[in-house]
Structures are given as C-alpha cells and as structure tokens.
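Please read the structure below before turning to the comments.
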Amino acid sequence: MNLTESNPLGAELQRQLLDHVGVAPADASAADLMSGVAQLAREQLSQRWVATQREQRGSRRVYYLSMEFLMGRTLGNALAALGLQGPAAAALQAQAQRLEDIEQQEADAALGNGGLGRLAACFLDSMATLGLPSFGYGIRYEYGMFAQSIVDGRQVEHPDSWLGDGTPWEFPRRGVRYPVRFGGHVDHSGGRARWVPAAEVDAKAYDMVVPGHGTPRVSTLRLWRAAAPEHIDLHAFNSGDYARAAEVKNEFENISWVLYPNDSTPAGRELRLRQEYFFTAASIQDIVARHLAEHGGLATLADKVAIHLNDTHPAIGVAELMRVLCDEHGLPWADAWASTQRVFSYTNHTLMPEALETWSVGLMQHVLPRHLEIILHINQDLLDHAAAQRPGDHDFLRRLSLIDEGGERRVRMAHLSVVGSHKVNGVSALHSDLLVRTIFADFASLWPERFTNMTNGVTPRRWLAHANPGLSRLLDQHIGDGWRLDLDQLRSLRPLADDAAFRDAFLAVKHANKQRLAAYIEAQVGVPVDAHSLFDVQVKRIHEYKRQLLNLLHVVTRYQEMLAAPGADWVPRTVIFAGKAASSYHMAKQIIRLIHDVGQVINHDARLGGRLKLVFVPNYGVSVAEMIMPGADLSEQISTAGTEASGTGNMKLALNGALTIGTDDGANIEIRQCVGDAHIFIFGHRAHEVAALRESGYQPLRIHEQNPRLRGVLQAIGSGAFSPDEPDRYRGLVDALLWGGDHYQLLADYDSYLQTQARVDALFRDRPAWARSAILNVAGMGPFSSDRTIRAYAQEIWHIEPKPGMS
C-alpha cells in the first residue's frame, strides 16, 4: 500500500477488518480495531523481516539466549517504528476512537518478570535499530509467571493467559521444529559416546518481529513451544480413561506453560532444569542448522556465530554445543572446545552467592546424563590447567571446580558459563569490579582479560518517546527529535534548566502525567491521591535486598511524626509501591501484606488531612510501568550497597524526570556521575563499608536500642498496630531485623535514609529548584541508552559491526 496518499490507512484498515478480523467496520469494537491495526503493522513487519533475512544471509550473527523477554505491548512501538502513528491515529479517529485507547486493548506479552527480561527486550530493540544481524531465543510461555492480584492484602497468583485470544504478533514457523531429549543413559560402546534418551519433546518455533527505528531492518525473537510427540493416547481415550489419555501431552507440554515454576519441590526443580535445557537445546540446533545451510560446514562456526548467555539459565548451552559438535558431528574434543569458547559470552547479573544457579549432580544425571559427563570432562581440564598454574593449592581448585563438593554435590552453572565463554561482563562499573574481586576472583586470576564491563541501558523509544508523549513533544520542540536515535542529544537540555519558561512547561507535563497516574491508582485500588503531592515511587521485584521494607520504615516514621506534630509544614507525599514476589518467597509476600496493612491505616486516618498516602499497584509489568514512571517525582533505588548489579528502573525513572534517592550501588553511581552530586540523593553505607560492617560483627540490636524513633516504628509493626486482628502477624519481619542479623543492613542505613528524605522534602518545596534538578537528570541520561550498550557489546564482545540507518 502507498502510505503517501491522502487517506490510505483508513481504507486499508477497513479491508483488514473485513478480510482478517471478520467484522463490518461500522460494527468493529475497540478490540476488533486493535486487531485490524495490528494486522496492518504485521504485514509491513513481515515484509521487513523477509528483506532483513535476505540481506543478512551469511553474516555473522549474535544469538541472545534469555529465559525472559519482557516485551510489553507491541502495537505502539511497531507503529512508531513503521512511521504509522499519525496515519493510524487518523484512521481510528474516523472510527470515533483514540489510538491510545486502542493500544490498551492489547495484553502485555507475558514472557518475563523483572529487570532481566526487560533488559533483553530493550537490547532486541537496539539490535534492530543498529542493524545487527541478531536473534533472541526464549520460551513461548502460555501463562507467563503469574498475574498478581491483592486480596485482603495478600498476593494471589493467577495464570496470565495472555494468549487466550491469540496474538497478532507471532509468526508460527511450521517447518521449524526440533526434538529435545531427556533422561536415559549414555552408551560408550565402540569408543564413542551415544546418548540413549528416555523421553523426547518437540520444540516448535514462533517468531516475533522486533522492528528497528530509523531503519527497515528488524531483529527476531524466536520462541519455543513444547509439543508432545503424540497429542493424546487415543486408545486410552476411546477406552474412557481420559486422564491417562492426556497425561503424556501434559507431561511434556508443561515445559512451556509457566515462567519460573515454584522450585521448592523436587518436581518443580526438575521442571525448571527441563525448561532451561529445552529452550537452549532447541536454540542451538536452530543456530547450527542455519549455519550449515549458509556455510556448509562447522569449520567457520566461531567466525559466524556469537551466542550470548543472559545470566546462567542458558548455561547448559556450553555442554549442549559440545555434545552437538562432538557426538553428532564427530569433531575432536579440543577443536570443539576451542570453537565453543570463541562462540559463547556471558553476562552475570548477581553478586550474591546464594543467587548463583546450581543443580544437584543427581538431578543432572537423571535429566541430562550426557551433559553431566561433558561437564565433568570440562571440569577435569579446568582443574588440570589450574593445578599447573598453582601447584598444591587445593583450596584454589576447590573454589574453581564446576562441582561444589560441600554437602550435596552440585553443578555450578555460573562457573560453567565463565569457563565456556571468551568474555564475561558485569552490568555496571561497580558490579564488574566486585565480580573480579569476589565471586569470580579465582577465574580472574587465571584469565584477567576475559572480564569486562557493559553498563546496562534502556531504549528511549519505549521508555520516553512511547511512555511519555508529553515530555517527548516538549523535547522535540526545544532540541529536535534526534534524541530517539542518539540519546546523547539530551545534553542540549542543560542550558534550559535555567530557563524559567521551560521549567514551567516541564512541570506542567509532569503534573499532567501525575494526574493520569492518580486516576489510574484510584481506578485500580480505590484510593484517591493528590497529584500535587510528591509521588514517591518504588516499583520493582519484591526482594529483601531491594529493601522495600526500609522504605516502609520511613513511611511509618513519617506517619508517627505527623501525628505528633500535626501543625507542622509537612510536604504532602504519595508513596507508590508495585512489584511481584516469587510465589514461594514468604518474606517478600509478608512485605507486600505489610504495605497493604500500613496503607489501610494511613489512608483512612483523617488526622493526616490527606497529606500522606500509601498505595500498592497490583500486577506490575511493562504497561503499568509506562503509566507510573512518567508520573514519578522521586525514584527509590535503595538496595544494600554491593547487592544491585545495575538496575534499569533507575535509568527509566531518571529519563522521565524523577530524582533518585538511593545508595551508591549499581548504576546509581554512574547516574550520579552523569547528573552531578547536587541532583541526586545518595545515602547510606558504601559497598566496602557494608562489607566492613559485616566483617566486624554488625549489631542491629545496638542500633535499635540507641534510636528511639526506630524503636517506636518497630514496636508499632511488631505489636500489631497495623494488624490488630492478628497482632503477631509481622513479628517475624521485626525479628529478622533484630535477632536474625538484619542481613541487608536496613537499620544501619535507617538514620541516613531519614535525613536524606528530609533533604528531598526541602528541595520539593522549592519548585523551580526541583524542576532544575529534574531537567538536569533528563539531560544526563544520554549514556544510559541501550543503543550505547549494544554498540559496545557488538564491538568489544561479539565483533559485529553495527549498520544503523537505511540500507
């Protein structure tokens, strides 16, 4: 279709409604119109995908393996990339509909949970925009992780049936399917290893096309669905045994049902290992098949293929590629290993040893017996090499070993990732430094050149242009629209921070976003909030190290002090939480419940005059984030220093004009360096101070005894002031702080946090000064574009030259 004609999209939309949606245009509902507009975009995405594959045939490609891709809604981003936003809005206006309302008819793709998955989605956007030949590989989860509701303060999990009505964005690749095998034994007769599996499932490919911006090139997200070799046992069905008839189908197809199934049971742990191997094995088969089709042999595999492991979930790919090269294609071990190490690279996302993934040797033997043999072979080669470097240092070998021999023998997947990769990166300067000084120090002593840093980034197309159209229009008017593809252009805003008219316009945009968010909060949770109040936002996965509980201690402190001094000039504040707790994480669920209970008391206390509100927004995801982040005034990034690898929520919020209150942790440090110390609120112990305090014998009880305000807050929470129907409900939370060692040092940072919150209040009273700092935060966000991050990956790790712009 020719989009340059006067009103081509309106006629084309009517055709789509009639031919593909099956409804008369006059009778089309909002959902029908969403489907129709999506079909318009899908046609162009399909054309771009075919052209991109043709152009990039034979190129070196990067394959990004990730357990999560938190894509959000696709329609708005696709229309922007295709240049169809204006025409689509006009076509919908003719149907008496707004494009913004139609976009909301789309369900978020439930393919991820937190920062790991959203980072992967931002990276695909940047890969496409930079013209990198690229594929993302993951699982086509039918029900996501879960949809969250809050019932009587408790998190309740429901299946996230995002595919219930289908999705217009996936392209089933009916000719692309691979067998994935499990269990059985290994036959070594004849001098070669032959895996004899006990079970097999088919991996079927579904593609989502990720469009680049400012280029016709696209990236591909290939997702795998598990399909049983036989759908049902027809004999059992015809005999009336319907449960047994479907048993085999469910046994295999549950692999792609749910992201992160509860692993507190043996069955749950086995399912998670099967999931990880399932998508990794299917992806590697696909990569090898594509390489053979384009290049005819495996001698050039490492020249044409870069596989990146996004955390340890796909780490089994190191052993799988070795199995494919050695067992299926007959390569000698040394040649296969040299190729494997050149192919793989690995991003680590955590410094906490307890969060590094391990699998019991027994489970690995049961599910993947050949892979365990390969891992043991890799391990022996590693230990032989290490022993030659440091003879007689048995502790060094014990720490390096891929097998943890302490207690139940376990396979260390992070160790496997490091050994099998030519490059290993952290995701912020601090994190990367700590990696080589703590958890990977021994590996860094063997291969110092293997470790590097790649600070995370976010796509400005999603997190500013799409999420915050009001601010985007203001930026376009004053500095042009080039920032969408070159975020460093935001530095042109710096002089405007001293322009009173621009500050007023900036604050007007922020207030409109806050009004929109206030309406959303009232609709979702029934709590009216004042858009003139300071919107204090902490939205992220609920975890003890992220310290939502510290935020809550400040809220309770503020509440008690407001009651003690009701006539004081309190800055009105609305505290907004959102995030999901893992289904088996009791402490995180208790924190959600405490937020609800404290909110119930505060929000109904007339003595406050509405000057303090506390809300928890349920079912946090990309679309909810797009609603909250443009309306935030204050961004809570308060993890214990040394625990947050990077964070990307901090970047998104600052990009939308929120000021950060945070510890000197993760990417907060680099944000501080870019925006200036005067325009960020840093508090608490630094990472080395946290370690020193722990080493010297941290005593939270002493802090409690010496701090009357803190004692009052913990007494109120622990004695049932916020849970009178069950006074001991939060005794466990309080005991964990006082008697359980306060592992994440909330009490150590409590006073500093409160003092810094007082500084926040003081600046918020000075509206021009606050606006100036907020503008300077936006102006400093150029280095945090995922385009910059991916360009660095491409040049320094994957060795692929970006080709942005038109072909």
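The values are calculated or read from the model by the stated rules, or taken from the named source; none is laboratory data. From a predicted model like this one, the values you see are computed outputs, not experimental measurements. Quick reminder, even Gly has a Cβ in these numbers, built from the backbone with ideal geometry, and neighbours come from all protein chains shown. Just so you know, the surface numbers come from the protein's heavy atoms only, side chains and all, with ligands and any DNA or RNA stripped out. Shrake-Rupley method; radii C 1.70, N 1.55, O 1.52, S 1.80 Å.
Treat each spin label as a single point 7 Å out from the Cα along the C-beta direction, and report the residue 511 to residue 15 distance in nm.
4.7 nm
For segment 612-677, what percent of Cα pairs sit more than 17 Å apart?
43 percent
Once the piece of chain linking residue 380 and residue 263 is laid out straight, how much longer is it, given 0.36 nm per residue of separation minus the C-alpha distance between them?
39.1 nm
When a/c is below 1.5 the answer is rounded, else prolate if a/b is larger than b/c, else oblate, so apply that to segment 103-247 with a ≥ b ≥ c taken from the square roots of the Cα gyration tensor eigenvalues.
Note, shape of segment 103-247 comes out oblate.
For the chain, what is the calculated [θ] at 222 nm in deg cm²/dmol (nearest 500), taking -39500 (n - 2.57) for each run of four or more DSSP H residues and dividing by its residue count? Working shown, then result.
On the way: 32 runs with 372 residues, N = 807.
Using -39500 (n - 2.57) per qualifying helix, the result is -14000 deg cm²/dmol.
Just from the alpha-carbon atoms, what are the Rg and Dmax of segment 499-545 in angstroms?
13.9, 43
Lysines within cross-link reach of residue 423: Cα-Cα under 20 Å, excluding same-chain residues under 8 positions apart?
Within the straight-line cut-off, residue 423 pairs with 304.
Which shape class applies to segment 302-459: rounded if a/c is under 1.5, otherwise prolate when a/b exceeds b/c and oblate if not, where a ≥ b ≥ c are the square roots of the Cα gyration tensor eigenvalues?
The shape class here is rounded.
If you average 1/r over every pair of different alpha-carbon atoms in segment 469-540 and take one over that average, what Kirkwood value in Å do you get?
About 14.1 Å, per the Kirkwood formula over Cα pairs.
Students often get this wrong, so check it: of 546/803; 546/613; 514/803; 204/546; 510/589, which have C-alpha atoms separated by over 28 Å?
Long pairs (Cα-Cα over 28 Å): 546/803; 514/803; 204/546; 510/589.
Kirkwood hydrodynamic radius, computed over distinct alpha-carbon pairs, for segment 358-414: how many Å, to one decimal?
On the way: mean 1/r = 0.0851 Å⁻¹.
Value: 11.8 Å, from the Cα pair sum.
Mind checking the full-extension length gain between residue 154 and residue 711? Use 0.36 nm per residue of separation minus the Cα-Cα distance, one decimal, nm.
Answer, rounded to one decimal: 197.9 nm.
Quick one: Kirkwood hydrodynamic radius for segment 669-755, alpha-carbon pairs, angstrom, one decimal?
The Cα-based Kirkwood calculation yields 14.7 Å.
Take 328, 320 and sort them by solvent-accessible surface of the protein heavy atoms, 1.4 Å probe, largest at the top.
Largest accessible area first, the residues go 328, 320.
Mind grabbing the accessible area of residue 394 for me, 1.4 Å probe, Å², rounded to tens?
Rounded to the nearest 10, the figure is 140 Å².
Which whole-Hz couplings ³J(HN,Hα) result when phi for each residue of segment 97-114 is put into the Karplus expression 6.51 cos²θ - 1.76 cosθ + 1.60, θ = phi - 60°, listed in order with x for Gly and Pro?
Rounded to whole hertz, the list is 10, 9, 4, 4, 6, 5, 4, 6, 6, 7, 7, 4, 5, 8, 10, x, 10, x.
Using mean Cβ contacts within 10 Å as the protection proxy, how do 73-81, 466-474, 24-32 order, highest first?
The densest-packed peptide leads the list: 73-81, 466-474, 24-32.
For the chain, what is the charge dipole size about the Cα centre, in debye to the nearest 20, if Lys and Arg each add +1 at the Cβ and Asp and Glu each add -1 at the Cβ?
It works out to roughly 920 debye.
Is the shape of segment 287-343 best called rounded, prolate or oblate, per the rule: a/c under 1.5 gives rounded, else a/b larger than b/c gives prolate, else oblate, with a ≥ b ≥ c the square roots of the Cα gyration tensor eigenvalues?
oblate
Roughly how far apart, in whole Å, are the Cα centres of segment 15-83 and segment 146-162?
29 Å
Could you work out how much longer the chain between residue 192 and residue 247 gets when fully extended? Use 0.36 nm per residue separation minus the Cα distance between them, nm to one decimal. Numbers along the way, then the final one.
Values: separation 55, 0.36 × 55 = 19.80 nm, distance 3.51 nm.
Gain in length upon complete extension: 16.3 nm.
If you plug each phi of segment 634-646 into the Karplus form 6.51 cos²θ - 1.76 cosθ + 1.60 with θ = phi - 60°, what whole-Hz ³J(HN,Hα) values come out, in order, with x for Gly and Pro?
In residue order, the calculated couplings are 10, 10, 8, 10, 10, 4, 4, 4, x, 10, 8, 4, 8 Hz.
What is the Cα coordinate range of segment 119-181 on the first, second and third principal axes, sorted by size from largest, in whole angstrom?
49, 31, 28
If you take the beta carbon distance between residue 173 and residue 689 as r and set R0 to 60 Å, what does 1/(1 + (r/R0)^6) give as a FRET efficiency, to the nearest 0.05?
Once rounded, the FRET efficiency stands at 0.70.
Tell me, how many Å apart are the Cα centres for segment 406-420 and for segment 262-294?
Using only Cα atoms to place each centre, the spacing works out to 18 Å.
Given R₀ = 35 Å, what would the calculated FRET efficiency be for residue 766 paired with residue 586, taking r from the Cβ atoms and rounding to 0.05?
Values: r = 43 Å, r/R0 = 1.23.
The formula returns an efficiency of 0.20 here.
Can you tell me the mean projection area, over all orientations, of the convex hull of segment 547-593's alpha carbons? Units nm², please.
Mean projected area of the Cα convex hull: 3.8 nm².
Please give the peptides 595-601, 112-118, 168-174 ranked by average Cβ packing (other Cβ atoms within 10 Å per residue), highest first, as a rough proxy for protection.
112-118, 595-601, 168-174
Among the aspartates and glutamates, which fall within straight-line cross-link reach of residue 652, defined as a Cα-Cα distance under 17 Å, with same-chain neighbours fewer than 8 residues apart omitted?
The reachable aspartates and glutamates, counting only those whose Cα sits under 17 Å from residue 652, are 125, 486, 488, 536, 626, 633, 636, 644, 665, 670, 787.
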